[in-house]
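S.K.: Dropping the structure in here first, questions after.
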Amino acid sequence: MDAVGVQVAQGLLDIGAVCLSPQKPFTWASGIKSPIYTDNRLIIGNVNLRKLVAKGLAKLISEKFPDVEVIGGVATAGIAHAALVADILDLPMIYVRSKPKDHGTNQKIEGLDIFNKKVVLIDDLLSTGGSVLKSAENIKAATGQVLGVVAIFSYNLPINDDNFKQAKIKYATLTNFNQLITVAKQREIITKDELLMLETWHTQS
């Protein structure tokens, strides 16, 4: 495991961003029932983790998508992180609404005319990839180029990989389900029963 991935996984566990509920599974926005829920919105309230994530995302983008011209935040969870990363990389920023605002010019994209601009989108986590890929479609509709997607965390679900492959878009994350569970096991944050439950759910998803 890479050092930053481990640090981010540890940080998520430390701030209580990861919740386990085997008896009463969570329902994600995608409709998937899951015994684990990750609330990455808590990151912006923790100075040290927020800085670690911003620097990590900036480095990831520089390595994976060096031709980037614009940083895009997926509304709403990706906006704060996109702002921090855009500042680190000294690049313009936009954010992409899930639906057009209901007044004025009905914009889906705010911040910049992205005609023929190379954009990297930032989201807080990837489960099925649905929301960020919808944002990617909006970028393309506005004549921008989507170089790829970066996120803080991925659940490593096959449906996510399938959706990204179908969209022909690359993605990268700072940490993921496997790293998180490994760190939780090493630190004895989860019991053997909880570990088995999580591994079983992940295998069957």
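Derivation of every value follows stated rules applied to the coordinates shown; laboratory data play no part. Since the model is a prediction, treat every value here as computed from it, not as a measurement. Ideal geometry is used to build each Cβ from the backbone, glycine not excepted, and the neighbour counts take in all protein chains shown.
S.K.: With θ set to phi - 60°, apply the Karplus curve 6.51 cos²θ - 1.76 cosθ + 1.60 along segment 22-39 and write out the HN-Hα couplings as whole Hz, x wherever there is a Gly or Pro.
M.R.: Calculated HN-Hα couplings, in order: x, 7, 9, x, 6, 10, 6, 4, 6, x, 5, 8, 9, x, 10, 9, 10, 9 Hz.
S.K.: Something else about it: Among Asn160, Asn178, Asn48, which one moves the most in a GNM of the chain with springs linking Cα atoms closer than 10 Å?
M.R.: Asn48
S.K.: Let me ask something additional. At 4 °C and 1.567 mPa s, grab the translational diffusion coefficient of segment 24-86 from Stokes-Einstein with a Kirkwood Rh over Cα pairs, rounded to a whole number in µm² per second. Before the final figure, lay out the partial values.
M.R.: On the way: Rh = 13.4 Å.
The Stokes-Einstein estimate is 97 µm²/s.
S.K.: Calculate how steeply helix 177-186 sits against the longest principal axis of the alpha-carbon atoms of the chain, using the helix alpha-carbon long axis, and give the answer as 0 to 90 degrees to the nearest 10.
M.R.: Rounded to the nearest ten degrees, it is 40.
S.K.: About the Cα centre of segment 137-197, what is the dipole size in debye to 20, counting +1 per Lys and Arg Cβ and -1 per Asp and Glu Cβ, all else neutral?
M.R.: The calculation lands at about 240 debye.
S.K.: For the chain, just run the numbers: alpha carbon Rg, then divide by 2.2 N^0.38 Å, N being how many residues it has.
M.R.: For the chain, the normalised Cα radius of gyration comes out at 1.02.
S.K.: Report for segment 2-127 the percent antiparallel among DSSP-assigned beta bridges with both residues inside it, nearest 5. Intermediate results must be reported in sequence, preceding the final value.
M.R.: Details: 7 of 15 bridges.
Antiparallel bridges make up about 45 percent of those DSSP assigns within segment 2-127.
S.K.: What is the fewest-to-most order of Phe65, Phe26 by other Cβ atoms lying within 10 Å of their Cβ?
M.R.: Going from least to most buried by this count: Phe26, Phe65.
S.K.: Additional query: Rounding to the nearest 20 debye, state how big the charge dipole of the chain is about its Cα centre with +1 on each Lys and Arg Cβ and -1 on each Asp and Glu Cβ. Intermediate results must be reported in sequence, preceding the final value.
M.R.: Details: 22 positive and 20 negative charges, 54 e Å.
Approximately 260 debye in magnitude.
S.K.: Okay, next question. Per residue, what volume in Å³ does the Cα convex hull of segment 93-164 take up?
M.R.: 85 Å³
S.K.: What ³J(HN,Hα) values, in whole Hz, does the Karplus curve 6.51 cos²θ - 1.76 cosθ + 1.60 give for segment 190-205 when θ = phi - 60°, with x put for Gly and Pro?
M.R.: 10, 7, 4, 5, 5, 4, 4, 4, 5, 5, 5, 4, 5, 5, 8, 7
S.K.: Shifting gears a bit: Too long at a 28 Å Cα-Cα cut-off: which of Lys33/Lys192; Lys59/Lys170; Lys51/Lys170; Lys134/Lys185?
M.R.: Listed pairs above 28 Å: Lys134/Lys185.
S.K.: Now a separate question. Name the residue from Met197, Gln166, Val6 whose Cα lies farthest towards the positive end of the charge dipole of the chain, charges +1 on Cβ of Lys and Arg and -1 on Cβ of Asp and Glu.
M.R.: Positive-most Cα among the choices belongs to Gln166.
S.K.: Also, quick follow-up: Sketch the reach of a paramagnetic label on Ser30 as a point 7 Å from Cα along Cα-to-Cβ, and name the residues of segment 146-161 whose backbone nitrogen lies under 12 Å away.
M.R.: 154-161
S.K.: Between Asn178 and Leu42, what length comes free when the chain is fully extended (0.36 nm per residue of separation minus the Cα-Cα distance, one decimal in nm)?
M.R.: 46.9 nm
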